[in-house]
Amino acid sequence: MHSATNRLAHAAPIMAVGLLLSISTAQAQKTYTVEAGRTTVTLADRFVSALKSLDVTPGTISPTELKDGRVNFPITGGAIDLDSGRGQLLHSGGLTLTAGKTEVKLQSFIIDSTGGEPVITGLVVEDGKLVGRVPLFKIYYPDGLSLPLKPDHGVLKGDNLGLSLTSTAASALNAAFHVTALSAGFDVGTADVEAILAW
């Protein structure tokens, strides 16, 4: 009996330390899995006008919807570190750009802030042939955005993120449609992000 009591007495401090460590780990967690959400892009008038002048017609890949210059892309997963802002947000759907017999699909977008500069990458398909995943849009954070990021009841929002064409995207689109009108830094519009975290 005394032996069992002694073992319990010695085990108690170890159990207490383990409990404290688990609590500390939970409190220190700053990277969260993204379960769902959506990114809404408001296309810049200049970008829409440029497409029209080039006889390029924008369309969508399900479940994306385009209405009144606004495009919705469902968020399907990802992860985000609240302290650093580093993360990736994966999306379904996409855009089509069509001129004559040429069709370019931009799909499976990923908002990627894990590198030196935040970008949106996407899979590019030209006339049914997969080109690959390329950086499409640079992201510009609005004034006043600060770290750490602060979700509201498990929902992380980022509004008015500026978007512009990367040099890679501009070159690819110019080549596909045999034009020279698009250039790096061309204003595409703004994005509003609403990510639901596994809180």
Cα-based equivalent ellipsoid, the chain: semi-axes from gyration tensor eigenvalues, Å: 47, 16, 14
Whole-percent carbon and sulfur share, accessible surface of segment 72-190, 1.4 Å: 53 percent
Label-point separation in nm, Glu194 to Asp55, each point 7 Å along Cα→Cβ: 4.0 nm
Relative contact order of segment 73-199, defined on C-alpha pairs under 8 angstrom at six or more residues apart (%): 18 percent
For the chain, accessible area per residue (1.4 Å probe, heavy atoms of protein chains only), Å²: 58 Å²
Listed residue pairs exceeding 29 Å between alpha carbons, taken from Lys30/Lys129; Lys67/Lys101; Lys30/Lys67; Lys52/Lys105: Lys30/Lys129; Lys30/Lys67
Ser62 paired with Val131, simple spin-label distance in nm, labels 7 Å along Cα-to-beta-carbon: 2.6 nm
Volume in Å³ per residue [convex hull over Cα atoms, computed for segment 63-181]: 137 Å³
For segment 23-82, alpha-carbon Rg relative to the globular expectation (2.2 N^0.38 Å, N residues): 1.72
Sites matching trypsin sites (Lys or Arg not before Pro) across segment 95-164 that sit in DSSP coil, with at most 15 neighbouring C-beta atoms within 10 Å: Lys101
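The values are calculated or read from the model by the stated rules, or taken from the named source; none is laboratory data. Since this is a predicted model, take the numbers as computed values, not measurements. Every residue, glycine among them, receives a Cβ derived from its backbone with ideal geometry; neighbour counts consider all protein chains shown. Please note that ligands, DNA and RNA were not included when accessible areas were found on the heavy atoms of the full protein model with its side chains. Shrake-Rupley method; radii C 1.70, N 1.55, O 1.52, S 1.80 Å.
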